[in-house]
Amino acid sequence: MIPDNIKNILSTEDKKIATRAAYGKKLAELGEENEDIVVLDCDLSKSTKTNIFGSKFPHRFFNFGIAESNMMSAAAGLATMGKIPFASTFGVFASKRAADQVSISVAYPRLNVKICATHTGITVGEDGATHQAIEDVAIMRSIPNIKVLSPADATETEKVLEQVLNIDGPCYVRLCRGSAPVIFSDEYQFELGKGVKLFEGDAATIVAAGFTTHIAMDAARKLEQEGIEVDLINMASIKPIDQQLLMDSARKTGLVITVEDHNVIGGLGSAVCEVLSQGQPARVIRLGVQDKFGASGTPQELIEAYGFDADSIVKTVKENIG
Amino acid sequence: MEEEMKKKLQQSAKAIRVDIIDMLCEAGSGHPGGALSMTDVFAYLYFSGILNIDPRDPGKKDRDRVVLSKGHACPVLYAALAEKGYFEKSHLKTLRKFGSILQGHPDMNKTPGVDMSTGSLGQGLSCAVGMALGAKLDKQSLKVFAVVGDGECEEGQIWEAAMAAAHYKLDNLTVFVDKNGLQIDGFTRDIMNSEPLADKWKAFGWEVIEIDGHDLDQIEQAVKKAMDTRDKPAAIVANTVKGKGVDFMEGLCEWHGQAPSEEQKAKAIECLNR
């Protein structure tokens, strides 16, 4: 059942937008309001959509070419000068190629760099394993000082970006390549460290974030049609995470299923386990990439093959409830 | 350089060297070789008046920036900052100790006067590129200096940064390359030959000035030439002696990362006072 307080912030429009597209558009808007914003990219600006900002504010846009490590440290240098750098590239390069630079140049001195990575998860699709970031959340989450945010749709992306601007320190924003349904209306307010319950029920708790939220919503609807009502939590704020919401829901349902477009080791599922193991022990089943590399395919083929499509979620809930 | 200034800088360099030996002995670990090799450059930077800095206002916005990319050489930076009055000299004795403002590698949030946290080799020059870009963007006339090691130039990121600095015509950026020819495992030419090093910087589009890194006149002329260079960054390739000034440390890779004992410290200070 959709909670009453959520009904009025759910979008009624039936449209699909990629979160990277929302990012590009919002960034160009924010650039107008805040002159300290500078945008950095590594020869992917047409894909990350930072080219919108770049054509609007060419003097505040720096293309660093195919050199992600240098871009990340240069972003740190710009931050020491009072700029607010948005450093963008694909998730694989932001997290793995430039991991040391993110850690030492950006996070250790707690510099105000916003790392906005697009093309995360296996839903990148046809490019295959080399371009599918399934470790980025694990890497970023384990680096001190960094906040990790994974918006579910275009609206939440915009709200997250507004919040990110108000945070003085490093943030990692996880964005997606493919289009996802718009879930939230403009009334929705994102709050750092808070999750939102999109469905309410006693049978089980489903926790999703980013590209998997709309998949989990489909699953919740299907379950509802069969008379099974679940809590569905959208956890865009992966670090800091909403401990209270998770513990309260787990206490009520006793069964938690996490859904992520990421390796189940180190990502959202692990973050949920960390909270529950300390505060509210509950059975947790982690759906997502089961410690395997990705493969080429359409996003839908991959989601099904790797077992985090709506039917897999439904099946998992049904097999594990009372 | 005027005689009086040269005498002053020589004294500063000596004081910095004594402090380096002293603090490393106290710490019981650390990197004397590459700190001593850069001492004359740091004496020039911090005591000739070339830097627009104010120890009473370490964070002042329009200050010139110094990024010690070869962060393990931080004793030279710490000694210079203490001499300059950024913090009490008594802190030097706390180097590398728990709770100290002087970390084993520079931490900009703990030590007044440190402009960038460094230590993972190759990153500092990129950070300096960001600083120089930021200054240009704000039309600030401040200068950015970075100090990299010749061994550090084996890191690919150095050349990514070099490419970007030339691409963005960062004539407000000057890099000192500490060419002391040694790294942890031995001679740089044996471990990973980076020669011809000066030609590499030239090929990347930099103004390159090669000097004796212990000759204050040459350091001054090189910095002035770097300041006068337009539309491209400048690299001052400083030929130096690792462990410079302490006879038993000079030119030995063993002194890259080993602290002197009390006995060795006494010998070193005697040598520096000679």
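Do we have A:Ala310 as buried (at least 22 other Cβ atoms within 10 Å of the Cβ) and either modelled with pLDDT of 95 or more or under 17 Å from A:Pro151 (Cβ atoms) (or both) here? Explain how you work it out, then say what you get.
Details: buried (at least 22 other Cβ atoms within 10 Å of the Cβ): no; either modelled with pLDDT of 95 or more or under 17 Å from A:Pro151 (Cβ atoms) (or both): yes.
So A:Ala310 fails the test.
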### Task
Can you work out which of the residues in the stretch B:206-238 that are small (Gly, Ala, Ser) and in contact (Cβ under 8 Å) with a residue 40 or more places away in the chain is nearest to B:Tyr44 (Cα to Cα)?
B:Gly213
### Summary
Of those in the stretch B:254-274 that are in a loop (DSSP other than H, G, I, E, B) and touching a residue at least 24 places away in the same chain (Cβ under 8 Å), the residue nearest to B:Leu36 (Cα to Cα) is B:His256
### Query
Can you name the residue in the stretch A:171-215 that is polar (S, T, N, Q) and over 20 Å from A:Asn8 (Cα atoms) and, of all such residues, is surrounded by the fewest Cβ atoms within 10 Å (Cβ to Cβ)?
A:Ser179
### Query
Across the stretch A:273-321, what is the total count of residues that are at positive phi, more than 18 Å from the chain's Cα centre (by Cα) and small (Gly, Ala, Ser)?
2
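Do any strands (runs of 3 or more DSSP E) lying entirely in the stretch B:108-226 carry at least 2 residues that are under 16 Å from A:Leu78 (Cα atoms) and either in contact with a strand residue (DSSP E or B) (Cβ under 7 Å, 6 or more places away or on another chain) or more than 14 Å from every other protein chain (Cβ to nearest Cβ) (or both), and which ones are they? If you could, list the steps in order and put the result at the bottom.
On the way: elements: B:144-149, B:173-179, B:207-212.
Ranges flagged: B:144-149.
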### Query
When only residues in the stretch A:110-127 that are in a loop (DSSP other than H, G, I, E, B) and crowded, with 24+ Cβ neighbours inside 10 Å count, which is farthest from the other protein chains (Cβ to nearest Cβ)?
A:Gly121
### Query
Only one of (1) over 30 Å from B:His105 (Cα atoms); (2) touching a His at 6+ places or on another chain (Cβ under 7 Å); (3) buried (at least 24 other Cβ atoms within 10 Å of the Cβ) is not met by A:Tyr23, so which one is it?
(2)
### Task
For A:Asp248, state whether it is within 15 Å of A:Thr316 (Cα to Cα) and either out of contact with any Ser or Thr (no Cβ under 9 Å at 6 or more places or on another chain) or among the charged types (D, E, K, R) (or both).
no
### Task
State the number of residues belonging to the stretch A:285-322 that are under 17 Å from A:Glu224 (Cβ atoms), basic (Lys, Arg) and assigned to a loop (DSSP other than H, G, I, E, B).
0
### Query
Which one is nearest to the chain's Cα centre (by Cα), of the residues in the stretch A:128-170 that are surrounded by fewer than 19 Cβ atoms within 10 Å (Cβ to Cβ) and not in a helix (DSSP H, G or I)?
A:Ser142
## Note on the structure
The one condition A:Ser270 fails out of (1) more than 18 Å from A:Ser237 (Cα to Cα); (2) under 18 Å from the mean Cα position of the chain (by Cα) is (1)
### Message
Need pairs with beta-carbon distance below 6 Å; first residue among the basic types (Lys, Arg) and within the stretch A:52-78, second assigned to a helix (DSSP H, G or I); sequence gap 6+ or separate chains.
### Response
A:Lys56/A:Ala28
### Within the stretch A:83-101, tally of residues that are among the aromatic types (Phe, Trp, Tyr) and either closer than 29 Å to B:Asp138 by Cβ or surrounded by fewer than 22 Cβ atoms within 10 Å (Cβ to Cβ) (or both)
2
### Query
Would you pick out the residues in the stretch A:41-97 that are in contact with a Phe, Trp or Tyr (Cβ under 7 Å, 6 or more places away or on another chain), among the aliphatic types (A, V, I, L, M) and more than 9 Å from every other protein chain (Cβ to nearest Cβ)?
A:Leu44
### Query
Conditions: (1) touching a residue at least 24 places away in the same chain (Cβ under 8 Å); (2) over 13 Å from A:Ala208 (Cβ atoms). A:Asp261 meets all but one. Number of the miss?
(2)
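Among the helices (runs of 4 or more DSSP H) confined wholly to the stretch B:1-104, which include 1 or more residues that are more than 13 Å from the chain's Cα centre (by Cα) and among the aromatic types (Phe, Trp, Tyr)?
Passing ranges, in order: B:39-47.
The values are calculated or read from the model by the stated rules, or taken from the named source; none is laboratory data. Since the model is a prediction, treat every value here as computed from it, not as a measurement. Using ideal geometry, Cβ is built from the backbone for each residue, glycine included, and neighbour counts are taken over all protein chains shown.
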